[in-house]
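First up is the structure itself, then whatever we jot down about it.
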Amino acid sequence: MLLSFRLAFRYLLSPQKGSFSSFASWLAVAGLGIGIAALMLTACIIHGFETTVSRKISSFDGTARIQHILGQPISLSENKLGSFISEANTHYDVQPFVRGMSMVRSGYHADGVLIEGVNKLSPALLINWLNPRSQKQLKKGEIVMGRQLADLLKVNRGNTVFVEELAGKATRRIKSLTVVGLYHSGLSEYDKTLGYVSIKDAQSLLGYDEDTATGWVLYSKETFNQTLPDISYPYVMETWRQRHALLFEWIQIQRWPAFIMFGLIALVGIVNIIAALAMIIVEKKAQVGILVSQGFPKSNMQMVFMIQGGFIGIMGGLFGGLAALGIIFLQLKFELFTISEEIYFMDQIPMSFDKPMFLLILALSYILCMAASWWPSKAILRLKPAQALLYE
């Protein structure tokens, strides 16, 4: 077996000047490396897109929200929710929220806004504050809104806006609020329509009692979400993935066509290995005949070329993986590839290292390379030394 490895290395790294076997081997390595790099980058872009969109959406919607099944206000002292909140507080930050439609106005500019009153803003929400603060808490008379909504209203941090309820009553409640922070997520659905105020202001503006709220929002304290406790009627719990199920179904649908298309590039590299090994066997036919005539088993000779195919698979995977990692690093550091934020919810191509997928691609490439090298190496078993050396 050791001799088989030595011969495989010798054929792969042939010192002979102008050796076709060495040249063909390195061409196969390059072809496979390009295919694997393309496949890995595809996996990283899809994973990065899903991760980025998930992070942005969950920063607004939280891990889950609890509301009355009929949309009625919930009493904050409700006994049925007491045990649930106590259990959920172990892994989640559970807070009441008040939400309702309003109109926001500044001078001659006005627009509809979804007001959400909370005790503390999501820790994942990136806010450009008027005055830096350690806690993401809002005082009475303060509002945080999206940059796109602020541009529509022609306001900036420190300006005053007027928020009016849209309840269709004869006398409407109006509040004067100071813009203390702006956020920008790239999700127009939120950036143009959502404004955060203190829960006291929201209760007063939307006609809620001090002991009632629209529901409860859960923010995960862990890096990964824990299992959510069960909740009973008349309350329902909806996670952010359930709320945006169609978006993530679309991402899953797009995943497989992309993998198939770029997987075909890697498949071309594997076919190149078959062609390269077949030509190498023809070139080395005389040497193979000499070794076989001296008693070297044909099965071991076949193993030499299968090992060579395995080496090509390992080096192609290594070069392809390093190339993919290099491109990912450059994109994350320098943001080389930009896209339209209005269409894709982000202004650059997202890339996120997907370790399980990397390892799976490397393992499959090695297995397929070994399987591909078996077919041309079968010719060794039919080789007759006398015919191989006839014209040498």
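The values are calculated or read from the model by the stated rules, or taken from the named source; none is laboratory data. Because the structure is a prediction, the values reported are computed rather than measured. Cβ sites come from the backbone with ideal geometry, for glycine too, and all protein chains shown count toward neighbours.
Key figures for this structure:
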item: Check on GLU116, at pLDDT 95 or above and assigned to a strand (DSSP E or B); result: yes
item: GLN67 vs. criteria touching a strand residue (DSSP E or B) at 6+ places or on another chain (Cβ under 6 Å) and of a type in the set (S, T, N, Q); result: yes
item: Boolean, LEU206 is in the same structural domain as ASP151 (by TED's automatic domain parsing) and touching a helix residue (DSSP H, G or I) at 6+ places or on another chain (Cβ under 8 Å); result: no
item: Filter result for GLY158 (in a loop (DSSP other than H, G, I, E, B), small (Gly, Ala, Ser), out of contact with any Gly (no Cβ under 9 Å at 6 or more places or on another chain) and not assigned by TED's automatic domain parsing to the domain that holds ASP347); result: yes
item: Members of the range 231-280 that are surrounded by 14 or more Cβ atoms within 10 Å (Cβ to Cβ) and among the basic types (Lys, Arg); result: ARG241, ARG255
item: Odd one out for LYS221 among (1) of a type outside the set (A, V, I, L, M, F, W, C); (2) closer than 30 Å to ALA43 by Cα; (3) touching a helix residue (DSSP H, G or I) at 6+ places or on another chain (Cβ under 6 Å); result: (3)
item: Residues of the range 209-230 that turn out to be surrounded by fewer than 16 Cβ atoms within 10 Å (Cβ to Cβ) and either modelled with pLDDT under 90 or under 12 Å from HIS68 (Cα atoms) (or both), as a count; result: 7
item: Within the range 125-136, tally of residues that are surrounded by 14 or more Cβ atoms within 10 Å (Cβ to Cβ) and in a loop (DSSP other than H, G, I, E, B); result: 3
item: The lone exception for PRO297 - which of (1) in contact (Cβ under 8 Å) with a residue 24 or more places away in the chain; (2) surrounded by fewer than 16 Cβ atoms within 10 Å (Cβ to Cβ) it fails; result: (1)
item: Filter pass, ILE85 being of a type in the set (Val, Ile, Thr), assigned to a helix (DSSP H, G or I) and at pLDDT below 90; result: yes
item: Some residue of the range 339-349 being assigned by TED's automatic domain parsing to the domain that holds LEU12, without any contact (Cβ under 8 Å) to a residue 24 or more places away in the chain and among the β-branched types (Val, Ile, Thr); result: yes
item: Condition check for ARG133: in contact with a strand residue (DSSP E or B) (Cβ under 6 Å, 6 or more places away or on another chain) and free of Cβ contacts under 8 Å to residues at least 12 places away in the same chain; result: no
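Yes/no matrix, rows are residues, columns are (1) outside any loop (DSSP other than H, G, I, E, B); (2) over 20 Å from SER4 (Cβ atoms); (3) out of contact with any Ser or Thr (no Cβ under 6 Å at 6 or more places or on another chain):
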residue	(1), (2), (3)
PHE262	yes, yes, no
ALA266	yes, yes, yes
ILE270	yes, yes, yes
ILE273	yes, no, yes
LEU277	yes, no, no
ALA286	yes, no, yes
LEU291	yes, no, yes
PHE296	no, no, yes
SER299	yes, no, yes
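Condition check ((1) more than 20 Å from ALA38 (Cβ to Cβ); (2) touching a Pro at 6+ places or on another chain (Cβ under 7 Å)) across all residues:
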position	(1), (2)
THR227	yes, no
ASP230	yes, no
GLN242	yes, no
ILE251	no, no
GLY263	no, no
VAL288	yes, no
VAL292	yes, yes
